[in-house]
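To start, the structure itself, in structure tokens.
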Amino acid sequence: MIEDRKLDHINICLKERVESARSTGFEDVTLVHRAFPGLDMAEVSLEAEFLGRRVAAPFMISGMTGGERKLAKEVNANLARAAQEFGIPMGVGSQRAAIKDPALEDTYSIVRDEAPDAFLVANLGAVQFVKDYGIEEAERAVEMIDADALAVHFNPLQEAVQVEGDTDFSDYDALEELKGLKLPLIAKETGAGIAREEAGRFQELGFSAIDTAGLGGTSFSAVESYREGNRHGAAFRDWGIPTAVSVVECARAADLFVIASGGIRTGIHMAKALALGASACGVALPLLEKAVKGAGEVLAGLERMADELRIAMFLAGAGTVDELDRCDVIIGGKTLQWLTLRGIDCNTYANRR
């Protein structure tokens, strides 16, 4: 049943409208243009640090799939080839399918075969640890792909609308055991964003990073709405915290590595997210659409976003990724309203220099 669901998810994402109708909030964010940037664009560097590893650019291929013998395996292989060639991290989708059925392990382990040098992120669901998973399952997921970190995904919205969903998110303490993993832990949402309250709690639990997966990109509530028997997915497709808001809240609430994801579609989005406090950006749906065509298509998409990021950095006067969070940023519209109501002074972003 899980394998069928994995294939359903891929096909739905490729064929249906699965993105939220609400925006990421990045249209409310503007980097102040510099008419004389004070640098040569040819010298702008995209190199960055990702949880202790130097990478070619501050973005990653977000975890999407696995656990299905044909299409999911092919997608993961193509994504991994592109990650290896470009020199960026990559995640895989939830590995519960292979924990239950070891015959599906190669649909995930293919990523290490194709990307021997890449920073790889394993993936299991938080709700499984509340139920019955422990350090043993976490270690199996890590070993399966020889991972450099483990993402624990928090998806209460998806589980709530999913016909087969598990909705017991009652026990934070169930995650305490993961401190023994001795690898970076990433707290990851799946399309509804993370608020500052959870960010602080994740830090207390020993997580090293937060992946916002905010509102404005793929809505797994929308994905589930296309599956037989689902009654509530469509109603909740626009539920959540916009990505731009989630980035600011998480960056200010916790001393953690923040990955901005959820509707990241261009290098300009990346530049804005990094200027708001993210340390890296994750991309999923646009790369899934390319991965079914081949690794070359994925690589071309990554190169386009990298070029856009480089130009945006140049125009904002940032020669390195670290310099982006010292660039002036104007926040307006609903994003400003949200952050102001949450007690965040956005004037500080506009007057950094």
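Listed here are the residues, each with its yes/no results for (1) in contact with a helix residue (DSSP H, G or I) (Cβ under 9 Å, 6 or more places away or on another chain); (2) under 15 Å from V298 (Cβ atoms).
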site	(1), (2)
D4	no, no
E19	yes, no
D28	yes, no
R54	no, no
S62	yes, yes
E68	yes, no
R81	yes, yes
F86	yes, yes
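Among the strands (runs of 3 or more DSSP E) confined to the stretch 16-59, the ones with at least 2 residues that are more than 22 Å from K334 (Cβ to Cβ) are located at 48-50, 53-55. For the stretch 262-284, the set of residues classified as more than 19 Å from I186 (Cβ to Cβ) and surrounded by fewer than 24 Cβ atoms within 10 Å (Cβ to Cβ) consists of R265, T266, G267, I268, listed by residue number. Return yes or no: is G229 at pLDDT below 95 and part of a loop (DSSP other than H, G, I, E, B)? Judged against the criteria, G229 is a match.
Just one of the listed residues (E74, E49) is surrounded by fewer than 24 Cβ atoms within 10 Å (Cβ to Cβ), touching a residue at least 40 places away in the same chain (Cβ under 8 Å) and within 19 Å of L299 (Cβ to Cβ), and it is E74. Those helices (runs of 4 or more DSSP H) of the stretch 91-191 in which 3 or more residues are within 24 Å of I61 (Cα to Cα) and of a type outside the set (A, V, I, L, M, F, W, C) occupy 106-114, 135-145, 156-161.
Residues that are more than 12 Å from V32 (Cα to Cα) and outside any loop (DSSP other than H, G, I, E, B) within the stretch 326-345 comprise G333, K334, T335, L336, Q337, W338, L339, T340, L341, listed in sequence order. Condition first: in contact (Cβ under 8 Å) with a residue 60 or more places away in the chain and hydrophobic (A, V, I, L, M, F, W, C). Now tell me which residues in the stretch 81-106 satisfy that. Within the stretch 81-106, A82, F86, I88, A97, L104 meet the criteria. The single residue among F129, F119 that is surrounded by fewer than 23 Cβ atoms within 10 Å (Cβ to Cβ), within 21 Å of the chain's Cα centre (by Cα) and farther than 18 Å from M64 by Cβ turns out to be F129. Of A260, A273, A312, all but one fail to be more than 20 Å from the chain's Cα centre (by Cα) and either at pLDDT 95 or above or of a type outside the set (K, R) (or both); the exception is A312.
Could you identify the single residue in E143, E159 that is over 21 Å from the mean Cα position of the chain (by Cα) and acidic (D, E)?
E143
The values are calculated or read from the model by the stated rules, or taken from the named source; none is laboratory data. Keep in mind that what you see is a predicted model, and the values were worked out from it rather than measured. As a convention, Cβ positions derive from the backbone with ideal geometry for all residues, glycine included, and neighbour counts pool all protein chains shown.
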